[in-house]
Amino acid sequence: MLSRRGGSSNSRSQYIPMPENDPAVFTSNTLPSDPRLLVTVTNAYVGTRVYRDILHVNGVYNGAVGDTHRADIPSPINVRMNVAAEDRPSETFSLDTRTGTYVHMIQCSGYTATHKIYAHHSLVHLLAFSITIQKSTLEPQPITVNLQAQFTPMSPDLDLHRKADFQGAHYLCGKTLVPEVEGGPQPTVHMIWTPVPQSVTLSGEEKEKSWEFLTAIAESEEDVKRSFSEGLSLILSGALYESHTQAWVELWEGCFVEVDGPLPLSQAIYGCLYYLLSAIPSLGSSDFLFSGISPGGLSNGTQGEDYWGHVFWDQDTWMYPNILIFYPEAARAILKYRIRTLEGALYNAKEQGYKGAKFPWESAATGREVCPEKVYGDQEIHINGDVMLAFEQYYYITQDLKLFQQEGGWDVVRAIAQFWCSRVVWNPEEQNYHITGVLPPDEYHFAVDNSVYTNAIAQRSLSFAIDLSSQLHIPIPEEWKEVAMKIKVPFDKSRAYHPEFDGYSPGEPVKQADVVLLGFPLLYPMDPEVRRNDLEMYEPVTDPQGPAMTWSMFAVGWLELKEAERAQQQLAKCFGNITEPFKIWVENCDGSGAVNFLTGMGGFLQAILFGYTGFRITKKSLKFGPVCSDDIKELKITGVCYLGSKLNFTFTKEKISIKVTKSLSSSTMLEAVLAGTGKHLPLNEGQCVSFPIAAGWIQKVSVEIF
């Protein structure tokens with residue numbers, strides 16, 4: 001524990017109450033009765049919920065396949081603040097998404113006590129909290145704030161033992177007990193934390209004072225001591241919290257979505273962005289290997305809960321596009337996780353009797369299948385296409401060939417293509433390739449043949465592999481082209497819609513978004529009539545209790561068809577999954593399933609970022625085609641990345657404005673092309689281009705123009 005008196009450095013870190021209608025701050029006088037719905041404080045390396053006795057660390061799992069889960073680590077920041085009952089305080093509990101801080105404030109007649117908790121956003125090995133007492137009168141009596149710490153240095157997942165104290169702080173370390181696979185990794189967790197007293201007291205002579213408590217976590221003694229020392233130094237200079245908030249300022253500067261519309265919509269956007277941004281590597285962070293994002297993030301995933309902290313297609317399909325469009329480097333870290341786990345994916349395919357790689361339906365440390373229920377791991381093979389689509393979108397946004405040429409990306413692409421070619425079977429009656437015995441995204445149907453989503457994404461995977469091989473000048477088997485050309489994608493000509501699989505009967509209940517994903521994100525070519533028919537066919541039969549991300553994809557589809565009112569009806573359903581007061585999402589609207597459901601948040605953000613804007617990531621351009629609903633006057637998207645440039649977009653019902661704020665390469669100039677007129681508008685750094693609302697695209701300027 002370190003304390004310091006209020007002064008200029010301390011005042012910088014004081015929590016300043018925001019206006020009640022500030023969409024970025026969620027405040028309540030009471031806490032939710034369900035502790036799962038408390039604020040999460042995470043960064044890409046460590047995370048917990050406030051007032052929870054455990055925390056989790058990136059990539060640290062315990063248990064063999066079938067039992068693998070995030071290792072529970074005791075949390076030193078599980079501390080509650082209270083004051084003597086006779087003080088009759090008023091209390092507020094807040095999440096400030098701008099600064100990534102949870103704030104508990106107690107206001108009494110003569111003083112205010114403030115408890116702040118945060119996971120440091122740039123120094124990702126650090127968790128911290130502070131207590132500040134500030135007098136509002138000149139009365140000389142001392143003021144005491146009680147601290148209830150609930151910490152037991154034990155874990156069911158690690159062989160924890162105490163080590164000698166370090167710089168006045170306690171030290172605990174231990175190795176996970178059971179590896180995922182025989183001979184697999186058993187990481188060691190090192191933790192150093194400042195002890196917490198039962199109370200802190202502001203003396204009668206003092207007007208204000210702060211006490212700061214630090215926890216450092218790493219997988220080596222060297223890293224944990226370095227991180228703790230760095231945090232301690234920043235506390236002594238009064239800069240620890242300031243460095244954390246500054247990291248959030250920089251993050252929001254490059255990634256901002258502002259809506260001139262209903263307050264609940266703005267709050268939902270802030271909440272989704274906060275929780276998702278909390279899960280990705282910070283800008284310039286490279287001191288640890290990122291191990292992906294699970295549906296409940298690092299704050300969740302203990303044994304038997306929240307999918308045990310495993311990584312699903314939720315990461316690659318639902319969260320990833322929002323990350324990619326703002327922060328390609330963070331998206332790259334997600335792809336590197338898939339590259340590192342390729343060996344496990346190769347094993348999975350071989351075990352099932354196929355070539356190439358089969359990425360696991362549920363992934364943890366090794367890339368082996370860790371799903372507790374075998375049927376999902378065996379049949380839900382569309383995960384391979386989901387992983388490939390993420391690589392494809394990254395390449396189209398960045399044109400980064402280094403990832404594929406030098407860092408293993410091509411190995412993933414090739415292995416997935418090999419898997420699809422070994423997984424298909426030739427059907428002589430229909431003269432095309434089938435994929436049989438699969439589980440589609442709609443998990444109400446098992447062992448179906450020719451899931452339209454699975455087959456379509458397999459086809460897209462092969463098409464990208466063929467295109468990329470050409471870019472890399474790598475010869476490929478003719479089989480790839482043959483399968484891509486002749487794989488069956490089910491289509492009912494008489495009804496002009498896509499059956500979910502062979503034998504699907506219209507009206508059969510569907511769990512979640514499935515066929516509607518053909519239009520987006522797959523961009524499968526189809527007439528508007530077919531797109532409409534797919535939406536009309538599946539919207540009424542999709543389970544209203546299904547997972548949260550589903551309705552966002554229906555909203556995107558209706559916006560694509562310029563049906564803003566129908567899109568709003570679908571998007572409105574998402575609000576049933578947002579809990580108060582801290583905008584934590586639950587997987588299902590009845591409160592069941594995963595909490596802090598980043599998957600649902602990712603779908604919701606895609607409805608905003610790709611639905612209302614019409615953004616589409618294609619091979620040669622970033623398309624736009626905005627649709628503004630009646631209740632949205634203006635939509636601003638700040639920090640969109642494309643080919644090394646950062647762009648700001650402003651959409652109203654009348655016009656579009658585009659500004660390049662940063663161009664990382666003078667050799668890559670961009671232009672906007674308007675679809676209706678074919679007009680080319682140069683996009684020069686620092687200049688704003690405006691034009692009447694229209695569809696179009698952003699592309700690299702052709703050499704011939706100069």
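Is it the case that Ser657 is open to solvent by less than 10 Å² (accessible area, probe 1.4 Å) and either modelled with pLDDT of 95 or more or within 20 Å of Gly557 (Cβ to Cβ) (or both)?
Working: open to solvent by less than 10 Å² (accessible area, probe 1.4 Å): no; either modelled with pLDDT of 95 or more or within 20 Å of Gly557 (Cβ to Cβ) (or both): yes.
So Ser657 does not fit the description; no.
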- Query: List the pairs whose first member sits in the range 546-562 and is closer than 18 Å to Val595 by Cβ, whose second member is open to solvent by 10 Å² or more (accessible area, probe 1.4 Å) and charged (D, E, K, R), and whose Cβ atoms are under 7 Å apart, counting only residues at least 6 apart or on separate chains?
  - Reply: Gly546/Lys511; Pro547/Glu587; Ala548/Glu587
- Message: If I filter the range 173-183 down to residues being touching a residue at least 40 places away in the same chain (Cβ under 8 Å) and surrounded by 18 or more Cβ atoms within 10 Å (Cβ to Cβ), which single residue comes out as nearest to Asp72 (Cα to Cα)?
- Response: Thr176
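For the condition farther than 29 Å from Val145 by Cα, touching a Phe, Trp or Tyr at 6+ places or on another chain (Cβ under 6 Å), part of a loop (DSSP other than H, G, I, E, B) and open to solvent by 10 Å² or more (accessible area, probe 1.4 Å), what is the one hit in Pro295, Pro281? Write out each step before concluding.
Values: Pro295 fails: open to solvent by 10 Å² or more (accessible area, probe 1.4 Å).
Step by step, each of Pro295, Pro281 is checked, and only Pro281 is farther than 29 Å from Val145 by Cα, touching a Phe, Trp or Tyr at 6+ places or on another chain (Cβ under 6 Å), part of a loop (DSSP other than H, G, I, E, B) and open to solvent by 10 Å² or more (accessible area, probe 1.4 Å).
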- First in the range 352-364 and in contact (Cβ under 8 Å) with a residue 60 or more places away in the chain, second anywhere and open to solvent by 10 Å² or more (accessible area, probe 1.4 Å) and β-branched (Val, Ile, Thr), Cβ under 9 Å, 6 or more apart: Ala364/Val65
- Message: Can you report the number of residues in the range 210-227 which are open to solvent by less than 10 Å² (accessible area, probe 1.4 Å), over 13 Å from Leu172 (Cβ atoms) and assigned to a helix (DSSP H, G or I)?
- Response: 1
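Taking the criterion of being assigned to a loop (DSSP other than H, G, I, E, B), without any contact (Cβ under 8 Å) to a residue 24 or more places away in the chain and closer than 28 Å to Leu403 by Cα, would at least one residue in the range 468-482 satisfy it?
Yes - at least one qualifying residue is present in the range 468-482.
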- Query: Residue check: is Asn322 of a type outside the set (Phe, Trp, Tyr), outside any helix (DSSP H, G or I), in contact with a helix residue (DSSP H, G or I) (Cβ under 7 Å, 6 or more places away or on another chain) and surrounded by 24 or more Cβ atoms within 10 Å (Cβ to Cβ)?
  - Reply: no
- Task: Any chance you could count how many residues in the range 80-107 are outside any loop (DSSP other than H, G, I, E, B), over 33 Å from the mean Cα position of the chain (by Cα) and either closer than 29 Å to Val224 by Cβ or among the hydrophobic types (A, V, I, L, M, F, W, C) (or both)?
- Result: 1
- Out of Val627, Val586, report the one residue that is of a type outside the set (Lys, Arg), closer than 18 Å to Arg532 by Cβ and touching a residue at least 12 places away in the same chain (Cβ under 8 Å). Val627
- List every residue pair whose Cβ atoms lie under 6 Å apart, where the two residues are 6 or more positions apart in sequence or sit on different chains, the first residue falls within the range 217-245 and is aromatic (Phe, Trp, Tyr), and the second residue, located anywhere, is in a helix (DSSP H, G or I) and open to solvent by 10 Å² or more (accessible area, probe 1.4 Å). none
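Please determine whether any residue of the range 228-248 is among the acidic types (Asp, Glu), open to solvent by 10 Å² or more (accessible area, probe 1.4 Å) and part of a helix (DSSP H, G or I).
yes
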- Message: I need every pair where a residue in the range 502-531 that is among the polar types (S, T, N, Q) has its Cβ under 8 Å from the Cβ of a residue that is at pLDDT 95 or above and not in a loop (DSSP other than H, G, I, E, B), sequence separation at least 6 or different chains.
- Response: Gln512/Thr542; Gln512/Thr550
- How many residues are open to solvent by 10 Å² or more (accessible area, probe 1.4 Å) and touching a strand residue (DSSP E or B) at 6+ places or on another chain (Cβ under 8 Å) when one looks only at the range 63-75? 1
- Note on the structure: The strands (runs of 3 or more DSSP E) lying wholly within the range 108-209 that contain at least 3 residues that are under 30 Å from Ala71 (Cβ atoms) are 111-119, 126-135, 143-149, 161-166, 169-175, 188-193
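Test Asn146 against the criterion of being polar (S, T, N, Q) and surrounded by fewer than 22 Cβ atoms within 10 Å (Cβ to Cβ), and give yes or no.
Spelling it out, Asn146 is indeed polar (S, T, N, Q) and surrounded by fewer than 22 Cβ atoms within 10 Å (Cβ to Cβ).
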- Query: Name the residues in the range 35-54 that are of a type in the set (Ser, Thr, Tyr), in a loop (DSSP other than H, G, I, E, B) and open to solvent by less than 10 Å² (accessible area, probe 1.4 Å), would you?
  - Reply: Tyr45
- Item | Cross-chain or 6+ apart pairs with Cβ under 7 Å, the range 316-332 first and among the small types (Gly, Ala, Ser), then open to solvent by less than 10 Å² (accessible area, probe 1.4 Å) | Ala330/Ile280; Ala330/Ile323; Ala331/Tyr320; Ala331/Ile323; Ala331/Leu324; Ala331/Tyr394
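The values are calculated or read from the model by the stated rules, or taken from the named source; none is laboratory data. The structure presented is a predicted model; accordingly, all values stated were derived computationally and were not measured. Neighbour counts are summed over all protein chains in view; Cβ atoms, including those assigned to glycine, are modelled from backbone coordinates with ideal geometry. All accessible areas refer to the heavy atoms of the entire protein, side chains included, with ligands and DNA or RNA removed. Shrake-Rupley method; radii C 1.70, N 1.55, O 1.52, S 1.80 Å.
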